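The structure under discussion appears below in the form of structure tokens.
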Amino acid sequence: MPAAVSASVEEKLAGLPDAPGVYLMRGAQSDIVYIGKARSLRSRVRSYFRRGDRTAKTISLVQRVADLDIIVTDSEVEALLLENNLIKEHRPPFNVTFRDDKGYLYVKITVDEIYPRVGTTRRILKDGALYFGPFTSAKSVRQTLKLLNRLFPYRTCTIDMGTPIPRPCLKYHLGLCIAPCTRYCTVEEYTAVVDGAIGFMRGDYDHVVEQLTDQMWSAAEAHDYEGAAKHRDRLRAIDKVVAEQKITDLRGGQIDVIAVAREGREAQATVLRIRGGKMIGRGAYELAVTGEETDGEMLDDFVREYYDRAPEVPLLVLTSARLSDPEPLAAWLSAMRGAKVEVRAPQRGQKRKLVAMAARNVRETLQIERTRWLNSGRKLRQALLEVGTALALERLPRRIEAYDISHIQGSLVVGSLVVFEDGVAKKGKYRRFKVRSAPGNDDFESMREVLRRRFARYTENAAAGAASDGTLRPRALAAVPLHEMDADAELPAPSNVTAGSSNEWGSVPDLVLIDGGKGQLSAALDVFREFGLDPAEIPLAAIAKQREELFVPGRSGPILLPHDSDGMRLVQRIRDEAHRFAVSFHIKLRTKKGRRSILDEIPGIGPKRKRALIRAFGSLERIRQASATELATVDGMTASAARALKEAL
């Protein structure tokens, strides 16, 4: 076992039973950090603590585990059901869940009534009603029901249908209801309308068309030409809707296609619903993740939670990556549907193309959502307000500078500085550093060097820009006292004095954010003391990756923002951007170093001569075999350079 495993955990690992069940992993404060199920508790739970190839999420999780509990069940399916209930109750941070914990919308049809009603709800009850969903967009539900009501004039009111009323409402005259409340229609006629709506929602278009066609001809034969014309118009409308659906040519199967995508700590899942050989709907769901999950790990949790909410289970579930344990999930879904359900990750053929289309859709949806959030001024202002409140700042953190260090085993150590103003990345103001003085594996000293170089420039520029009375020049972004902040109000525009200034080193940050925990925070404080900087004037905070904890000077305990808050999303985005920028610079240097050869070390052989030599001879070995005369014939080479090259090789 790894040395970090506590004695309590080791004792429990030794006594785990070889039986199905649920395991609850707890942190240092006895908080539940992860809940999982297993066919064999002994082998599954012990696998987390074995050395070897583990995902980043598993490594982070194991570092957090201080204790664990188990609940033994009689079967894998029973374990799956228990896992669902426990996750919904505790919402552990390492389980992938729907980010928005409000109820999603469902279409509800009260088929247990004589005159069923069609409406919407956010809760599924065991009341005999029929439910469709979940829908993520209230707008899409309204549009669906608007079309459905035009095709099938069912009632939407909540009046008591026990006693008929004397006259119908306006919807009857608009052709949006056949007025069962007045008994203008028979129970059979109204039932046919509701059955058509149910068939349409299920995607059973062929059966609906067949029924409407029969009704149209029956009305025509009875000389009810007005009724026949209404059925004809509905048929035309359905034909138009069906023509707009994507033809999948999967022999009319009932299929859900599920894919996920993640970028940093933003994740989305999409579900393509295929019924009767046509795609009838697509749902997009925002997920709460740690940022270290693989697609398979996200799919495991999402599929379980989605079908725990969904009122309908298809015959086939296709996923964009293989689930870790699809058999108990398939058994659970089969029990809910009452028929065999398959769960597969197709590798070829048309089903694979469907999965690829779902994956492309979810990536595009994720990008759209990221862009929408970034373009939402109010959300960004609310995020800044939440961060400032959590850190007890005096002013709104309009300009946030974030720092990170990147290296591989101490080689090519680099640092990054990224700047966010009013919640938006200002890439033209980013800076990167080659760390020279610090030992390779000393992240704390590397951070000190980067901060020294930044704030040495700051103090120089601040002194040069001070007014005659010693006060500093105005800020580029006007200070906004936190207690006066209103997220609905626009922030002041940049000051004309320094707006657009190329001298970024003199800018005053409203918050300095360090990627790391208490150690990195202490290193940053050392630099602040060296330059006489006051954390009350330039606030300082560090964010630890494992629990997304924020640490500030003078406070021993961490600050935790709600995991699904706008403030946490902004802090994560800034930290991730600092990490990305540092890693990209490190990769650039590493790639450049990897391309260097002995030619780079020979005086007189610059990049142009090197390219010309490689182009002429093809390889270093052939250059070594060439004579000085042959080398001198290459474009850009001279006799003296050729002789020097030959001697060096």
Problem set entry | Residue check for P168: farther than 28 Å from E312 by Cα, exposed (fewer than 14 other Cβ atoms within 10 Å of the Cβ) and not basic (K, R) | no
Exercise. Restricted to region 94-108, and to residues that are at pLDDT below 85 and basic (K, R), which residue is surrounded by the most Cβ atoms within 10 Å (Cβ to Cβ)?
Worked result: R99
Exercise. What are the residues in region 134-165 that are modelled with pLDDT of 75 or more, open to solvent by 60 Å² or more (accessible area, probe 1.4 Å) and within 29 Å of the chain's Cα centre (by Cα), if any?
Worked result: R142
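Let's see how each residue does on (1) within 31 Å of the chain's Cα centre (by Cα); (2) among the polar types (S, T, N, Q); (3) at pLDDT below 85:
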{"position": "K518", "(1), (2), (3)": "yes, no, no"}
{"position": "E548", "(1), (2), (3)": "yes, no, yes"}
{"position": "P562", "(1), (2), (3)": "yes, no, yes"}
{"position": "S565", "(1), (2), (3)": "yes, yes, yes"}
{"position": "S597", "(1), (2), (3)": "no, yes, yes"}
{"position": "I602", "(1), (2), (3)": "no, no, yes"}
{"position": "I614", "(1), (2), (3)": "no, no, yes"}
Problem set entry | Options L354, L412, L366, L374: the member that is at negative phi and either touching a helix residue (DSSP H, G or I) at 6+ places or on another chain (Cβ under 9 Å) or at pLDDT 90 or above (or both) | L374
Problem set entry | Considering residues of region 109-133 that are of a type in the set (G, A, S) and free of Cβ contacts under 8 Å to residues at least 60 places away in the same chain only, the residue surrounded by the fewest Cβ atoms within 10 Å (Cβ to Cβ) | G128
Exercise. Does S507 count as at pLDDT 90 or above and either of a type in the set (S, T, N, Q) or over 18 Å from A402 (Cα atoms) (or both)?
Worked result: no
Problem set entry | Within region 281-294, tally of residues that are farther than 20 Å from W332 by Cβ, buried (at least 21 other Cβ atoms within 10 Å of the Cβ) and touching a strand residue (DSSP E or B) at 6+ places or on another chain (Cβ under 9 Å) | 3
Exercise. Given the conditions (1) within 20 Å of the chain's Cα centre (by Cα); (2) more than 22 Å from E286 (Cβ to Cβ), which single one is not true for Q350?
Worked result: (1)
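Let's see how each residue does on (1) farther than 26 Å from R262 by Cα; (2) open to solvent by less than 60 Å² (accessible area, probe 1.4 Å); (3) in contact with a helix residue (DSSP H, G or I) (Cβ under 8 Å, 6 or more places away or on another chain):
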| position | (1), (2), (3) |
| --- | --- |
| R42 | yes, no, no |
| F49 | no, yes, yes |
| S60 | no, yes, no |
| R64 | no, yes, no |
| D69 | yes, yes, no |
| E78 | yes, no, no |
| L81 | yes, no, yes |
Problem set entry | Those residues of region 11-26 which are surrounded by fewer than 20 Cβ atoms within 10 Å (Cβ to Cβ) and under 26 Å from the mean Cα position of the chain (by Cα), in sequence order | L24, R26
Exercise. From the residues in region 441-456 that are open to solvent by 30 Å² or more (accessible area, probe 1.4 Å) and touching a His at 6+ places or on another chain (Cβ under 9 Å), which one is farthest from E504 (Cα to Cα)?
Worked result: N441
Exercise. Would it be correct to say that A229 is open to solvent by less than 80 Å² (accessible area, probe 1.4 Å), within 30 Å of P314 (Cα to Cα) and of a type in the set (A, V, I, L, M, F, W, C)?
Worked result: no
Exercise. In region 157-199, what count of residues is obtained for those that are part of a helix (DSSP H, G or I), under 30 Å from G276 (Cβ atoms) and of a type in the set (V, I, T)?
Worked result: 5
Problem set entry | Whichever residue in region 537-572 is open to solvent by 60 Å² or more (accessible area, probe 1.4 Å) and small (G, A, S) and, among such residues, is farthest from F94 (Cα to Cα) | G554
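The values are calculated or read from the model by the stated rules, or taken from the named source; none is laboratory data. All values reported here derive from a predicted model rather than from experimental measurement. Neighbour counts are summed over all protein chains in view; Cβ atoms, including those assigned to glycine, are modelled from backbone coordinates with ideal geometry. Heavy atoms of the whole protein, side chains included, go into the accessibility calculation; ligands, DNA and RNA do not. Shrake-Rupley method; radii C 1.70, N 1.55, O 1.52, S 1.80 Å.
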